[in-house]
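Derivation of every value follows stated rules applied to the coordinates shown; laboratory data play no part. Note that the coordinates shown come from a computational prediction; the quantities given were computed from them, not determined experimentally. Quick reminder, even Gly has a Cβ in these numbers, built from the backbone with ideal geometry, and neighbours come from all protein chains shown.
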Amino acid sequence: MANGTLITVAPTGAESSKVDVPNLPVTLQELVGTAEECEALGASVIHVHIRNDAALPTLDLGRLRETVAALRAQTRLVVQLSSGGAVTDRESDRLRVLDAAPEMASCTMGTVNFGDDVFMNRWEFIVDLHTRMQEREIVPEYEIFDLGQLWSLARLLDKFGLPYGGHVHVDYVMGVPGGMPGTVEALVAAKQLTREVLPPNTTFSATGIGRTTLPVMLASLAAGGHLRVGMEDTLTYAKGQPVESNMQLVARGAGFARLAQRPPLSVDETRAMLGLRALETASA
Ligand code: KMH
Ligand code: ZN
């Protein structure tokens, strides 16, 4: 387990509206500005959902390409596009996200109730995502909303082989109504199952939605895991105190990581840990 902490920022998501959350970065300019500031504060990966001119979630390929190019030009962050999109997105559109040629993309490992909605991830769709990412040399982050999805990932790797680069990195998304709870006990169980069924050097990060943010962050640091923070998952900083910005959340995560004597990994350290090519040789 790396001594430092990988901090992924997930600044926007697909669930919150700009009207309800005016500080949510939704334009390309807002996203890139957020990315630059979060990188300076210790983030090394950015998990990206984009919006259209009406600030609604979109998987428009042209916009995704433009976003990848802008983030690469303005930051050194590892760009991880969401293939999860919004619960209403079609599988074909979610697969097409890979055409924007990010270095990383998310790959959710099963269907899960998502509040009052259903986040659909059929087995055949997961296989399609995984194998297309292998072919295109895109490194996945496997999103784990429930314990059984770790077992599904073990089956996926057994049948279709390791992801590009050979390293397996999972992200526990905890506290979604319908998924695993955002508790210390659930995180320890997820870590235990990860150790039992996945390759020995598998790394994990964790994020807790809403009020589970803090317990999950602290538990992950204590358990040797990494962090995902950001307004995709967290809109309240403390009781009665709305989040001001993604930078506030990255700064808090980085501060906790330093207190735990596992300071934020640099972008280069993150790339080495995840099996990404060194930046100089990465394709443009
Ligand atoms: N917006 C959720 C339905 C991902 O980015 O891969 C799915 C999600 C997971 O956020
Ligand atoms: Zn997401």
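Determine the sum of side-chain charges near Gly175: Lys and Arg each +1, Asp and Glu each -1, restricted to other residues whose C-beta is under 9 angstrom from that of Gly175. With Lys, Arg at +1 and Asp, Glu at -1, the neighbours total 0.
For Ser92 and Arg258, compute 0.36 nm times the residue count separating them, minus their Cα-Cα distance, and round to one decimal in nm.
Values: separation 166, 0.36 × 166 = 59.76 nm, distance 4.16 nm.
Working it through step by step, the gained length comes to 55.6 nm.
Positive contributions from Lys and Arg (+1) and negative ones from Asp and Glu (-1), summed over other residues with Cβ under 11 Å from the Cβ of Asn23, come out at -2. Quick check for you: which residues of segment 8-30 have the amide N under 20 Å from the point 7 Å beyond the Cα of Ala40 toward its beta carbon? Within reach of a label on Ala40, which here means backbone N under 20 Å from a point 7 Å along Cα→Cβ, segment 8-30 contributes 8-12, 23-30. Inter-label distance, Lys239 to Arg277: 5.2 nm, where each label sits 7 Å from its Cα along the C-beta direction. Out of all Cα-Cα pairs in the chain, roughly what percent, to the nearest whole number, are more than 28 Å apart? Value for the chain: 27 percent of Cα pairs lie more than 28 Å apart.
The helix-only estimate of mean residue ellipticity at 222 nm for the chain, built from DSSP H runs of length n ≥ 4 each weighted as -39500 (n - 2.57), is -11500 deg cm²/dmol after division by the residue total.
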